[in-house]
Amino acid sequence: MSIRDIKIPQVGESISEGVLVEWVVADGDIARIDEPLLILETDKITMTVAAEATGRLKTIAVADEVVQIDQVVGSIDTSAAAADAPPAVATVAAPEAPAEAGPSLEALSPAVRRLVAEHGLDPTLIEGSGKDGRILKGDVIGFMEQGTAPAEPVATPAPAAPQKPPVSPSGERQTRAPMSRLRHRLAERLVEVQQTTAMLTTFNEADMSRVMALRAQYKEGFKEQHGVGLGFMSFFLKATVEALKAVSEVNAWIDGDEVVQNHYYDIGVAVSSEKGLVVPVVRNADTLSFAGVESEIKRLAQSAQDRTLELSDLSGGVFTISNGGIFGSLMSTPILNPPQSAILGMHAIKKRPIAVGDEVVVRPMMYLAVSYDHRIVDGKEAVTFLKRIVDCIENPERLMLEV
């Protein structure tokens with residue numbers, strides 16, 4: 001018998017513990033090397049840990065248990081792999097189920113399978129947010145909170161009824177659940193920012209007409225050539241780089257009694273995940289083309305949803321862009337992401353009447369906000385920085401020609 005211990009991996013110098021959210025492979029089943037084994041949540045990141053060997057799994061720690069870095073949480077009997085694992089060609093004979101059929105009980109993780117069985121749910125009605133549409137525990141809980149959906153769509157919609165508050169599965173008026181470590185750490189950092197920085201916000205607005213026209217003209221050819229869509233974020237990220245070059249004070253931060261000036265452009269893009277807000281970083285954004293930016297944003301966003309982000313993906317950013325507009329936000333004051341000195345907030349695009357010369361015209365407008373640390377960035381620099389972004393967005397050809 002050959003037994004290999006499963007240890008909680010090192011995920012960062014400042015992280016000493018986490019929560020074993022879920023075993024992806026059930027106790028007693030065969031785990032396969034490099035395939036998902038467990039989901040670990042720390043105060044900075046939620047990640048999927050892959051198996052380091054193939055064999056029969058024996059779990060020691062249970063789901064939702066607090067575990068320490070390097071703690072042994074289970075083992076893999078590698079001698080059982082050859083005897084118990086089906087041959088690699090065995091899957092070829094069985095035809096694939098049609099995608100419309102939805103996931104079966106055997107395709108679910110142990111925690112999800114238990115929830116589905118306990119509440120008598122049909123997994124084919126639950127939309128999965130995991131990789132390849134895999135159903136996560138949060139998907140099941142959200143499905144139950146919304147109530148059971150009808151099996152068939154209603155052809156003619158009924159008149160809208162007053163919305164009722166969500167009802168818990170047990171019928172209780174209140175339910176309590178522990179705050180996730182990621183959410184807990186996020187809350188601490190937000191309060192810390194308010195207490196340790198002199199944060200101010202300046203606002204402006206951008207006419208999105210020319211960006212939208214350029215996007216409409218080239219988006220099909222762009223996707224055909226580069227294999228990725230042309231979104232608004234690449235325009236704003238490239239505009240941010242140009243603004244940081246023009247106003248270098250924003251690309252700096254305070255370390256004790258010293259001012260640290262950055263000479264590189266690693267830009268964080270805030271992404272909403274199941275467990276909270278994460279900010280993966282687009283490295284060397286000044287060297288990337290529009291296609292390169294879009295490809296990297298797509299990769300990072302997908303990794304956030306799949307819980308495959310690494311700590312290195314989240315560290316070292318010099319500036320952050322947050323897009324509340326995707327949720328319908330018209331205006332907000334984004335909070336700094338320390339130790340960075342500024343953050344850009346994008347918002348929803350709304351058609352509004354504006355004055356162009358002596359005429360009033362209707363244009364698609366977006367409010368923009370830059371929050372900054374007034375200890376290091378003065379109002380003049382902050383306003384100049386934001387105005388530079390607006391100029392780049394309203395004249396997108398400048399971004400492409402780098403003028």
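Points worth noting:
- From most to least packed by mean Cβ count within 10 Å, the peptides 260-266, 57-63 give 57-63, 260-266.
- Computed about its Cα centre, the charge dipole of segment 182-401 is approximately 660 debye, with only Lys, Arg, Asp and Glu carrying charge at their Cβ.
- 21 Å tail of the calculated P(r), segment 207-321, as % of Cα pairs: 44 percent
- Inverse mean reciprocal Cα-Cα distance (Kirkwood Rh) of segment 182-401, Å: 18.0 Å
- The eigenvalues of the Cα gyration tensor, multiplied by 5 and square-rooted, give segment 3-84 an equivalent ellipsoid with semi-axes of 23, 11, 11 Å from largest to smallest.
- Set Lys298/Lys387; Lys245/Lys380; Lys7/Lys44; Lys238/Lys351; Lys219/Lys350; Lys351/Lys387 screened for pairs whose C-alpha atoms are more than 26 Å apart: Lys298/Lys387
- Rounded Å value of the spacing that divides the Cα centres of segment 349-392 and segment 291-321: 27 Å
Every number in this text was worked out from the coordinates using simple rules, so none of it is lab data. Predicted model, so just to flag it, every value in this text is computed and none were measured. Cβ sites come from the backbone with ideal geometry, for glycine too, and all protein chains shown count toward neighbours.
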